[in-house]
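S.K.: Right, I'll just put the structure down here and ask away after.
Throughout, read-outs are computed from the coordinates displayed, never taken from laboratory work. Computed from a predicted structure; not experimentally measured. Note that each Cβ is placed from the backbone with ideal geometry, even for glycine, and that neighbours are counted across all protein chains shown.
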Amino acid sequence: MTNSERITDIDVTAEMQQSFLEYSYSVIYARALPDVRDGLKPVQRRIIHQMRDMGLLPSKGHVKSSRVVGDVMGKLHPHGDQAIYDALVRLAQPFSMRLPLVDGHGNFGSLDDGPAAARYTEARMSQGSVALTDEIEEDTVDFIPNYDSQLTEPSVLPAAFPNLLVNGASGIAVGMATSMPPHNLGEVTKAAIKVLQGNYSLKKIMQVLPGPDFPGGGIITAVDGIQQAYETGKGSLKVRARVSIETLSKRKLSLVVTELPYQVGTERVIEKIKDAVGSKKLSGISDVQDYTDRKHGLRLVIEIKNGFDPQEVLEKLYKLTPLEESFSINNIALVDGRPKTMGVIELLEHFIEHRKDVSTRRTKFRLQKAISRLHLVQGLEIAVLNIDEVIELIRSAETVSEANQKLRDVFDLSEAQAEHILELRLRRLTRFSVIELQNESETLRQQIEEFESILTHPEQLTELVKGELEQISKQLATPRRTQIRSALDETQELITSFSCDGKLVRMPEQQSNSSGCPTETIIGEVIAITQGGMLYKINAIDIPPVESSDQLGSIPTINEFLELANDNVVAVVGHNGQPIAMATANGVVKRISELPEKDAVKVMTLSEGDKIVSASESKEFLLFVSKQGQGLKIEANSVRTQGLPASGMQGIKLAENDELIGFASCSDEEFLLTASEAGDGLLGAEFGKGKSTSISEIPKKGRATQGVKLQRFGKQEKQLYFAQVSTLGEFCFLDSRQKLEPSKRDSVGVGLDSRAVGAH
């Protein structure tokens, strides 16, 4: 042993404890957990600050990501470049961040693939990161020494919005982990304003902030978990993919996935589906195709085998694949350097406290700046008013310090005022206008008064913070992407509906009665009857379901669904054991009592040139309406039921050149809606005359008679183009409705707001 060596005996247990504590603190404070104020981990904060320092604003061009990584590593974050680049990549990924903080150019990866190397990608600040760093030069936050004490870095960013809630956070520390979901910026700022104003509770907060809002959308199904997490800081929720059932080819259905749970990629879903099918846990799937691209977005098509209920297959997919995922919430963030689990209200309170501190420091900075500038302007005013004397005084001085002292002595200026005058070029001093200086002085005095008022009146500071939150929301907020569905929505039964534009779907009952073109509820076994005399039985399993009438545009028409080339469906009827009645354009009527066993069969033999007009399940009466306005109401039992393929019997006696345009089974409690038009069908400035007639006002007649006049034509009308039985007496147009009060049986009617396409 040499004299220079020194060996100290220590206790291994104590050394391990101390080293582990230091390591734990380093991981918790300097690596894994975000700060509650700006929602950033140290490496994220350093990346954003360094990009601002490099001038990489959204208005400037992109630069190589490797350049950003190099500057961050060399100046602020002395760790591996790959760790820094990984953090930068995440800040740029729109599927990871609800509001990306880096504007990336190039391949920044996907949920299934990693990004390109830093030398192949480019980056600059996004509008979100600009909002986080704005006003950092105005002494709004503390700066601390960097790792080698040669430079400084911000301990926290000013953060104009609650980034911790907007973008969420995830990180594994020592003995703890944080997992915070992203939220909608507009909703978060509204919640923050409620906390700022002081009149709030968790219930009121959740009225404007109902739950997380993931970048990729999806559907949240466990609402109770949200409330628990918002209250305690811990909870869990389930996120489902957004899946629609679409017609793949004619009568073949498919499940189309357009949104997936947070951080779930299509390749992972496909792999799990194949595993479940291969292990016989899942059946009914014939193929899976991924059509996802940058232009059209996510689109995963799961083909369903014939004879399988797509809704049942979907429920199994939720259980066996990542189409449904749980998200565990654990709101841990650093408060004054210490990790703490917090509910949403406490998170917002810490942010509001931070914003008040930032606004106060900024106001003090601007106040001091305005006071200093006013002091200099006052000195300039004196110099301009005495410009000749000032110039002579400066020329007579031997040194700058002598000139400074003379200015102070002669004009009673401060050292700063005298120094400012001496630093100005002579031509600038002579060009100053006294009026301009006086105007600037007045503006500065007003600013000083406003700043002092903010600092002395807490309510003004509150209004200032509120206005800034509202402004940032207006600038950066986007619509909600994730739907929050309650348990009631999940248990809601679908009913079969037929829309006036020929779409047969299954949808929630309350959605089937939307404004404008309505959907008719079909109860019982679903059958379709065509104008050519064919009857088709339709299995409800094969009918595509939708969540609302807004999705009808993507659904094929009933003719496309049944693959009809030279025929058209005129009625979709629910069979509940009652006879089905149908009538033709020539006035022939037929009733059938039992449905055939076959799915497609000829139900009525038609004479040449004739066609079925409509069909419905029999009620008390049968009503015929002709183009020339004649109507006949007969008892349904006066038409005996016939078998297949009988040609029926005479229902209404029609005049020459007249034809049947409307037919229905009805009762006296209902109404008949009719609409007239010009003979050529061109309405000009009007949409025809419409009228509502109580069925009870139409006299009952015998079969094969002409009936009575149902609507009298005015000068511009020559025929009826619409006749339909209604329960409410409402005409339905493509985007609106018009209710008419019942009028006399043979009256003219009133003008319609649009062209009738249905009744309700």
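S.K.: So who's got an amide H within less than 5 Å of the one on V141, skipping anything under 5 residues away but keeping other chains? H placed 1.01 Å off N, in plane.
M.R.: The answer is none.
S.K.: A further question on this structure: If amide hydrogens are placed 1.01 Å from N in the peptide plane, which non-local residues have theirs closer than 5 Å to the one on A222?
M.R.: K238
S.K.: Separation between the R294 and E353 pseudo-spin-labels, each 7 Å from Cα along Cα→Cβ, expressed in nm?
M.R.: Between R294 and E353, the label points sit 4.5 nm apart.
S.K.: Decide, for the stretch 87-207, between rounded, prolate and oblate: order the square roots of the alpha carbon gyration tensor eigenvalues as a ≥ b ≥ c, take rounded if a/c falls under 1.5, and otherwise choose prolate if a/b is larger than b/c, else oblate.
M.R.: In terms of gyration-tensor shape, oblate.
S.K.: Mind scanning K272/K305; K653/K701; K701/K744; K611/K700 and naming the pairs with a C-alpha gap bigger than 20 Å?
M.R.: In this structure, K611/K700 exceed 20 Å between Cα atoms.
S.K.: Using only Cα atoms and rounding to the nearest 10 degrees, what angle (0 to 90) does helix 42-53 make with the longest principal axis of the chain?
M.R.: For 42-53 against the chain, the angle is about 80 degrees.
S.K.: What nm distance separates the two modelled labels at R373 and R395, each placed 7 Å from Cα along Cα→Cβ?
M.R.: The answer from the label model is 3.4 nm.
S.K.: If you consider only alpha-carbon coordinates, what radius of gyration and Dmax does the stretch 185-233 have, in Å?
M.R.: In order Rg, Dmax, the Cα atoms of the stretch 185-233 give 11.4, 33 Å.
S.K.: Using r as the Cβ-Cβ distance of D11 and M176, and R0 as 22 Å, what FRET efficiency do you calculate, to the nearest 0.05?
M.R.: 0.20
S.K.: Which length gain, in nm to one decimal place, applies between S593 and K653 when the Cα-Cα distance is subtracted from 0.36 nm times their residue separation?
M.R.: 19.2 nm
S.K.: I've got another one for you. What is the fewest-to-most order of R703, R240 by other Cβ atoms lying within 10 Å of their Cβ?
M.R.: R703, R240
S.K.: Could you give me the ³J(HN,Hα) list for the stretch 604-612, computed from phi with Karplus coefficients 6.51, -1.76, 1.60 and θ = phi - 60°, whole Hz, x at Gly and Pro?
M.R.: 7, 8, 9, 6, 4, x, 8, 7, 6
S.K.: Which angle from 0 to 90°, rounded to the nearest 10, does the C-alpha axis of helix 400-411 make with the longest principal axis of the chain?
M.R.: 80 degrees
S.K.: Using Cα pairs closer than 8 Å and at least 6 residues apart in sequence, work out the relative contact order for the chain, in percent.
M.R.: 9 percent
S.K.: Which value in Å does the Kirkwood hydrodynamic radius of the stretch 242-322 take, with 1/r averaged over all unlike C-alpha pairs and then inverted?
M.R.: 12.8 Å
S.K.: In addition: What does DSSP give for the chain in terms of the percent of beta bridges that are antiparallel, rounded to the nearest 5?
M.R.: Around 95 percent of the beta bridges assigned by DSSP in the chain are antiparallel ones.
S.K.: Go ahead and collect, in residue order, the members of the stretch 119-156 whose backbone nitrogen is under 19 Å from a label point 7 Å along the Cα-Cβ direction of K64.
M.R.: Flagged as within label range: 119-125.
S.K.: Arrange the peptides 315-323, 343-351 so that the one whose residues have, on average, the most other Cβ atoms within 10 Å appears first.
M.R.: Averaged packing, sorted descending, gives the order 343-351, 315-323.
S.K.: Cα-based Rg (one decimal) and Dmax (whole number) for the stretch 44-129, in Å?
M.R.: Values for the stretch 44-129 (Cα only, Rg and Dmax): 11.5, 33 Å.
S.K.: In addition: So what J values fall out for the stretch 207-219 if you push phi through Karplus, 6.51 cos²θ - 1.76 cosθ + 1.60 with θ = phi - 60°, rounded to Hz, Gly and Pro as x?
M.R.: So the J values, rounded to whole Hz, are 5, 9, 10, x, x, x, 9, 7, x, x, x, x, 10.
S.K.: Quickly work out the S236-to-L644 label distance, labels modelled 7 Å from Cα along the C-beta direction, and quote it in nm with one decimal.
M.R.: 5.4 nm
S.K.: May I ask for log10 I(q)/I(0) of the chain at q = 0.06, 0.07 Å⁻¹, from a Debye sum over the Cα atoms as equal point scatterers with solvent left out?
M.R.: -0.62, -0.75
S.K.: Another one. Grab the alpha carbons of the stretch 355-473, take their convex hull, and tell me the volume per residue in Å³.
M.R.: Convex hull of Cα atoms, per residue: 126 Å³.
S.K.: Another question, if that's okay. Between M54 and D309, what is 0.36 nm times their sequence separation minus the Cα-Cα distance? Round to one decimal in nm.
M.R.: Going from the current span to full extension adds 86.0 nm.
S.K.: Which length gain, in nm to one decimal place, applies between D81 and V277 when the Cα-Cα distance is subtracted from 0.36 nm times their residue separation?
M.R.: Here the answer is 66.3 nm.
S.K.: Going highest first, how would you order 574-584, 202-212 by mean Cβ packing within 10 Å?
M.R.: Descending mean neighbour count gives 574-584, 202-212.
S.K.: While we're looking at this one, here's another question. Taking neighbour Cβ counts within 10 Å as the exposure measure, how do M125, M54 sort from fewest upward?
M.R.: So the residues, fewest neighbours to most, are M54, M125.
S.K.: State which entries of K691/K718; K204/K340; K280/K319; K41/K364; K503/K619; K190/K356 exceed 19 angstrom in Cα-Cα distance in the structure shown.
M.R.: Violating the 19 Å limit, Cα to Cα: K204/K340; K41/K364; K503/K619.
S.K.: Then there is this: Compute the helix-to-body angle for 65-75: its Cα long axis versus the longest principal axis of the chain, expressed 0 to 90° and rounded to tens.
M.R.: 40 degrees
S.K.: Rounded to the nearest Å, what's the spacing between the alpha carbon centres of the stretch 591-614 and the stretch 381-427? Just the number, please.
M.R.: 109 Å
S.K.: Report ³J(HN,Hα) in whole Hz for each residue of the stretch 299-305, in order, from the Karplus equation J = 6.51 cos²θ - 1.76 cosθ + 1.60 where θ = phi - 60°; Gly and Pro get x.
M.R.: 8, 10, 9, 10, 7, 9, 5
S.K.: Please work out the FRET efficiency for the pair D388 and R485, using the Cβ-Cβ distance as r and a Förster radius of 51 Å; give the result to the nearest 0.05.
M.R.: Between D388 and R485 the formula returns 0.05.
S.K.: What residues have an amide H closer than 5 Å to that of D213, excluding those fewer than 5 places away on the same chain, when H is modeled at 1.01 Å from N in the peptide plane?
M.R.: H183, N184
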